[in-house]
Amino acid sequence: MSGGFVLSKGIMDNYIQLVERIASAAHVEKDEIERKVEAKRAKLSGLVSKEGAAQIVAAELGINFDKERLKISELVQGMKRANIVGKIIETFPIISFNKNGKEGKVARVTVADDSSNTKVVLWDTHHISLVEGGELKEGDVIEVSNASVRNGELHLSSFSDIKKSSERIDAVVTKKPLMMKKLQDVKPGESLKTRALIVQTFDPRYFEVCPQCGKKVAEDQCINHGKVKPLQRALLNLVLDDGTESLRAVIFGEHIYKLGLTQEEVFSLERFSEKKHSLLGEERFFVGNVRNNALFNTMEFSVDHIEDVNVDLLIHELEAKQ
Ligand SMILES: [Zn+2]
């Protein structure tokens, strides 16, 4: 359940690394770089992540990381000439396609290092033949250079390079990384982190769970534990909107309190109705999984973590005070 927080912490660490790198390459103090990053973000109305802003600052200072190797978690949308080393943890069937009468192929593998993992997409026939011929396979450590980051994937053109590395990588992150996504781009089955507004609320619904295993119970009977004294749980349906699309969301249990509701307001429909209008227009980061709701035949966002929008700034302020 603390996945979202771990995520922000990871991003924070990776941001600090990036700032240190820029500071040492530019021969200026870290504080100076951080000020430039904050100024850049303010100028872009917070639309760019801290890492993204740091990349822009680096480019403006004439620093490039062309020859540098990046951790997979440091890859940022729009990067070109990115270099990584990682282990292939998954290969996908090669896809043939026909575009404007020309036959083409594309190969995909998932590559992981100790920071994250990413899909690596191969468009060059020579690169594809390495995967096809089994020269590059699951478990191999590979070195990728001159690749570009598009749609959260690392794309290789014929100017890029991919080859086996003699390095050893033991611990890799295999959990699918969460990516900030526009609601209009989301598909069922995907995990999602989005910054969105609450545009509609519905009354909470209540159900009972087993105090021992958390499973739903009916008439005080748990399928695992027999007769139990059930706990009351609530779920809240909302409609979220990020400006590109609106999406129905469901929030369970204690996560509802992250919206600023008290237990009383959640468990009393009367108290809730007094409060619900104040939820409209509230903005948060919502993290969770998107699935198909068979009943409504629509997509539904099951939220399992909520963060305040200014959480980065808060962490930053806390660190500055230490
Ligand atoms: Zn039980």
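Tabulated data
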item	result
Cβ-defined net charge surrounding ILE94, 10 Å radius [Lys, Arg +1; Asp, Glu -1]	+1
Angle between the chain longest axis and helix 269-279 axis [Cα atoms, degrees, rounded to 10]	30 degrees
Gain on full stretching of the segment that runs from GLU90 to LYS229 - 0.36 nm per residue minus C-alpha separation	45.5 nm
Ranked PHE159, PHE286, criterion: other C-beta atoms within 10 Å, fewest first	PHE159, PHE286
Ranking of PHE272, PHE296 by count of other Cβ atoms within 10 Å, fewest first	PHE296, PHE272
Unit charges on C-beta of K, R, D, E only; dipole of segment 68-174, Debye	380 debye
Net +/- balance of residues flanking ASP170 in space, Cβ distance below 15 Å, scoring K and R +1, D and E -1	-2
Extension reserve of the SER157-TRP123 stretch, reckoned as 0.36 nm per residue once the Cα distance is removed	11.7 nm
In sequence order, calculated HN-Hα J values of segment 202-210 (Karplus, 6.51, -1.76, 1.60; Hz; x Gly/Pro)	10, 5, x, 10, 10, 8, 10, 10, 6
Gain upon complete extension [LYS99, ALA218; 0.36 nm per residue less C-alpha separation]	37.3 nm
TYR206-LYS182 FRET efficiency (beta carbon distance; Förster radius 25 Å; 0.05 resolution)	0.15
Space enclosed by the convex hull of the alpha-carbon atoms of the chain, per residue, Å³	201 Å³
Label-point gap, in nm, between LYS43 and ASN289 - each point 7 angstrom along Cα→Cβ	4.2 nm
Size of electric dipole in the chain: Cβ of Lys, Arg +1 and of Asp, Glu -1, about Cα centre, debye, nearest 20	580 debye
Taking TYR206, TYR257 and counting other C-beta atoms within 10 Å, the order from fewest to most	TYR206, TYR257
Net dipole in debye of segment 183-321 [+1 Lys, Arg Cβ; -1 Asp, Glu Cβ; about Cα centre; nearest 20]	560 debye
Unsatisfied cross-links (Cα-Cα over 30 Å) in the set LYS30/LYS137; LYS176/LYS229; LYS119/LYS215; LYS36/LYS71; LYS102/LYS181	LYS30/LYS137; LYS176/LYS229; LYS119/LYS215; LYS102/LYS181
Förster radius 22 Å - calculated FRET efficiency between LYS30 and ASP114 (Cβ-Cβ, nearest 0.05)	0.40
Net charge over other residues, Cβ less than 15 angstrom from the Cβ of MET299 (K, R count +1; D, E count -1)	-1
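Bear in mind these aren't lab numbers, they're just calculated from the coordinates by the rules spelled out. Just so we're clear, the structure is a prediction, and the values are computed from it rather than from any experiment. Cβ atoms come from the backbone with ideal geometry, glycine included; neighbour counts cover every protein chain shown.
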